[in-house]
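Visitor: The structure follows.
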Amino acid sequence: MAMRRLLPLFRGIRSTPPFTASCSNRVIPSFLSSGSSDFGNNTRKNRNQWRLIAAILFSGQAAVFLMDEKRIAYAQDVSSNKLLSENTQGQGGNQEAYASGLQRVEDGTVVSNEHTIKWRIFTDLGRDLFSKGKLDEAGKAFESALKEARLGFGQRDPHVASSCNNLAELKRVRKKFEEAEPLYLEAISILEDSFGPDDIRVGAALHNLGQFYLAQHKLDEARFSYERALKIKARILGYNNPDYASTVHHLGRVLYLQGKEKDAEALIRESISILEDNGLGESSTCIRRMTTLSQIMLKSNRPADAEMLQRKVLHALELLKGWDSLETAKAAEALALTLQSLGNMKESRELLEKCLEVRKRILSEDHIQVSSTMLHLARLELYDSKCVPLANGKYSETVENLIRAKELLDNSIRIMKATLIKGKRKTDHIHVALLLYLQGLDAVGLLESKRHDMQSKGTAGYPYEVEHALRECISIYNEPHLRSILVNAPDAKAQYLTCLSRLSIMIGESGDEKTRTKELTDLMATANDIKDKFLPKKNTK
């Protein structure tokens, strides 16, 4: 049955950072703003209720599955003595009833038998195995836990929903999507029957279902699940709760993938504001969301807005982890590249130099991340070089820029080439290395162009470095595993054609055809043949 699609509209959107606002100015999707008007009162009245009932089935925030936020959201063990004792505080509950590990269910009765005890054991075992990366054994434990839950508690008991969720989350992580979906749906169905369709536990389960659909890029289904979860969380938790903000953020990610960039940005921005209002502005979660928002701004060609966010991210990481951190170095590099695009070469260079120092110290001199930073620094030197003649016939600091750029480029290309040779079987790793290698070869052409501009007419000489780079570019195509990446990865293909074309043109312009050797003529012909194979055929009709 087709999923119902709801189009959220937004009001009161704050257009620029910093992300601070009162709860009364919250961005509220229209499908939430209609109906009951006492959400603010519910927020104050039900915070304690949320802490109690959310702990019964779902521990912490529901899992997310976006970018670097891959976590598994296990259903909370109902029989946890700690949780049960917290649930009875202030309610006259009998603490001794829980000391023996017996479980109190909704009608106040205590359920304990052979199967419920096994359910507890298998559930704990599954979590422990998963944390150790033993996914096959963890799956068997969760399947046993589900079986014991059905036998011990009954087919439609919340404990069964808990076990369904655990097993579904594991299958999602293992990409067994067809097996995971019915488990998610069964968990939600049981929770709706047990607690009603608007219960917070249903909201948490719907958030997990949204994550499941998003992993498969089923955006309509993911959006519908997140919107339902958001409506429940808004009613129970209010608009200023971090868990509500989590679903707001993920709904924003779905809308962005659907091409609704303005709405997506408003939601992600709002999720950041909520965290800041709750004193979580420098948390790792908030840092990830600000990073995501800055990437959206860069893709929409708004580097100045992205710069403000990237500075906040770098500042937060400096406080949280210091400079002896690869995460801090990554944030510094991202800011440096944005500053470079804005023409702030001095600060960009300072950040990249610091990033290079950190990565060399933590990783190694020949690591791929070190090579990446060297490439960025080399390109900065090339872009920052200006051929301004001085009175003595020299060219300001351009010569020094180019010497520094060549040294960095040579080292970067050497590291990338060695990485490509060593890691034939690591496809993802090779993909990144190949992109960087092609960018390095392309930069050789830019370096030669700068060098040529500095020479007087007729003295520039033949571009041997460019010829060597062209031969390297052609050799990539001749390696089957690298050619496969070029054929199947659009970004690698585009970078390859750019590099091949630039280098070919420079060789072609370096001399006339009459003086060109047969070897060089054959080289140019090979380059053209490769371009013809990659480029679409023109319609001659």
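The values are calculated or read from the model by the stated rules, or taken from the named source; none is laboratory data. Quantities reported herein were computed from a predicted structural model and do not represent experimental measurements. As a convention, Cβ positions derive from the backbone with ideal geometry for all residues, glycine included, and neighbour counts pool all protein chains shown. Ligands, DNA and RNA are excluded from the accessible area calculation, which covers all protein heavy atoms including side chains. Shrake-Rupley method; radii C 1.70, N 1.55, O 1.52, S 1.80 Å.
Visitor: Hey, can you tell me all the residues within the stretch 112-166 that are under 25 Å from Leu209 (Cβ atoms) and among the charged types (D, E, K, R)?
Guide: Asp124, Arg127, Asp136, Lys140, Glu143, Lys147, Glu148, Arg150, Arg156, Asp157
Visitor: Looking only at residues in the stretch 309-326 that are among the aliphatic types (A, V, I, L, M) and open to solvent by 40 Å² or more (accessible area, probe 1.4 Å), which one is farthest from Leu255 (Cα to Cα)? Walk me through it before giving the result.
Guide: Step one: list which residues in the stretch 309-326 are among the aliphatic types (A, V, I, L, M), which gives 309, 313-314, 316-317, 319-320, 326.
If we keep only those that are open to solvent by 40 Å² or more (accessible area, probe 1.4 Å) as well, we get 319-320, 326.
Details: Leu319: 32, Leu320: 31, Leu326: 31 Å.
Filtering first and then ranking leaves Leu319.
Visitor: Which residues, taken from the stretch 287-327, are among the hydroxyl-bearing types (Ser, Thr, Tyr) and under 28 Å from Lys360 (Cα atoms)?
Guide: First, pick out the residues of the stretch 287-327 that are among the hydroxyl-bearing types (Ser, Thr, Tyr): 291-292, 294, 300, 325.
Hits for the stretch 287-327 are Thr291, Thr292, Ser294, Ser325.
Visitor: Among (1) touching a residue at least 60 places away in the same chain (Cβ under 8 Å); (2) open to solvent by 30 Å² or more (accessible area, probe 1.4 Å); (3) under 18 Å from Phe177 (Cβ atoms), there is one condition Arg223 misses while meeting the rest; what is its number?
Guide: Just one mismatch for Arg223, condition (2).
Visitor: Another question about this same structure. Does any residue of the stretch 255-271 turn out to be hydroxyl-bearing (Ser, Thr, Tyr) and closer than 18 Å to Arg289 by Cα? Let's see the steps before the verdict.
Guide: First, pick out the residues of the stretch 255-271 that are hydroxyl-bearing (Ser, Thr, Tyr): 256, 271.
Then drop every residue that is not closer than 18 Å to Arg289 by Cα, which leaves 256, 271.
Among the residues of the stretch 255-271, at least one is hydroxyl-bearing (Ser, Thr, Tyr) and closer than 18 Å to Arg289 by Cα, which makes the answer yes.
Visitor: While we're on this one: Search the stretch 327-340 for residues that are touching a residue at least 24 places away in the same chain (Cβ under 8 Å) and pair each with any residue that is in a helix (DSSP H, G or I) and of a type in the set (D, E, K, R) when their beta-carbon atoms are under 6 Å apart and the residues are at least 6 apart or on different chains.
Guide: Pairs found: Thr328/Lys321; Ala329/Arg359; Thr338/Glu307; Leu339/Glu347.
Visitor: Still on this model: Search the stretch 238-265 for residues that are without any contact (Cβ under 8 Å) to a residue 60 or more places away in the chain and outside any loop (DSSP other than H, G, I, E, B) and pair each with any residue that is open to solvent by 10 Å² or more (accessible area, probe 1.4 Å) and small (Gly, Ala, Ser) when their beta-carbon atoms are under 9 Å apart and the residues are at least 6 apart or on different chains.
Guide: From the stretch 238-265, the pairs are Glu261/Ser300; Glu265/Ser300.
Visitor: When the residues of the stretch 170-220 are narrowed to those that are acidic (Asp, Glu) and closer than 26 Å to Gly139 by Cα, which ends up most open to solvent (accessible area, probe 1.4 Å)?
Guide: First pass over the stretch 170-220, keeping only residues acidic (Asp, Glu): 178-179, 181, 186, 192-193, 198-199, 220.
Among the residues that remain, those that are also closer than 26 Å to Gly139 by Cα are: 178-179, 181, 186, 192.
Details: Glu178: 171, Glu179: 93, Glu181: 52, Glu186: 47, Glu192: 55 Å².
Per the criteria, the residue is Glu178.
Visitor: Something else now. Does at least one position in the stretch 207-222 carry a residue that is among the hydrophobic types (A, V, I, L, M, F, W, C) and within 29 Å of Ser112 (Cα to Cα)?
Guide: Taking the stretch 207-222 and keeping what is among the hydrophobic types (A, V, I, L, M, F, W, C), we get 209, 212, 214-215, 219, 222.
This time we only want the ones that are within 29 Å of Ser112 (Cα to Cα), so: none.
Within the stretch 207-222 (the criterion being among the hydrophobic types (A, V, I, L, M, F, W, C) and within 29 Å of Ser112 (Cα to Cα)), the answer is no, since none of the residues qualifies.
Listed here are the residues, each with its yes/no results for (1) more than 24 Å from Ser300 (Cβ to Cβ); (2) open to solvent by 30 Å² or more (accessible area, probe 1.4 Å); (3) not charged (D, E, K, R).
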residue: Ala329; (1), (2), (3): yes, no, yes
residue: Ala334; (1), (2), (3): no, yes, yes
residue: Leu342; (1), (2), (3): no, yes, yes
residue: Arg349; (1), (2), (3): yes, yes, no
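Visitor: Is it the case that Ala306 is open to solvent by less than 10 Å² (accessible area, probe 1.4 Å), among the small types (Gly, Ala, Ser) and closer than 29 Å to Ala187 by Cβ?
Guide: Working: open to solvent by less than 10 Å² (accessible area, probe 1.4 Å): yes; among the small types (Gly, Ala, Ser): yes; closer than 29 Å to Ala187 by Cβ: no.
Answer is no for this residue.
Visitor: Being surrounded by fewer than 16 Cβ atoms within 10 Å (Cβ to Cβ) and either part of a helix (DSSP H, G or I) or in contact with a Leu (Cβ under 7 Å, 6 or more places away or on another chain) (or both) is the filter here; which residues of the stretch 279-294 pass it?
Guide: Result: Ser284, single match.
Visitor: Still on this model: Checking the conditions here, which among Leu230, Leu275, Leu251 is in contact with a Cys (Cβ under 6 Å, 6 or more places away or on another chain) and open to solvent by less than 10 Å² (accessible area, probe 1.4 Å)? Before the answer, list the steps.
Guide: Details: Leu230 fails: in contact with a Cys (Cβ under 6 Å, 6 or more places away or on another chain); Leu251 fails: in contact with a Cys (Cβ under 6 Å, 6 or more places away or on another chain).
Testing whether each residue is in contact with a Cys (Cβ under 6 Å, 6 or more places away or on another chain) and open to solvent by less than 10 Å² (accessible area, probe 1.4 Å) leaves just Leu275.
Visitor: Right, here's the next one. Identify, please: which residue in the stretch 385-412 is open to solvent by less than 30 Å² (accessible area, probe 1.4 Å) and either out of contact with any helix residue (DSSP H, G or I) (no Cβ under 7 Å at 6 or more places or on another chain) or assigned to a helix (DSSP H, G or I) (or both) and is, among those, modelled with the lowest pLDDT?
Guide: Top of the filtered list is Thr398.
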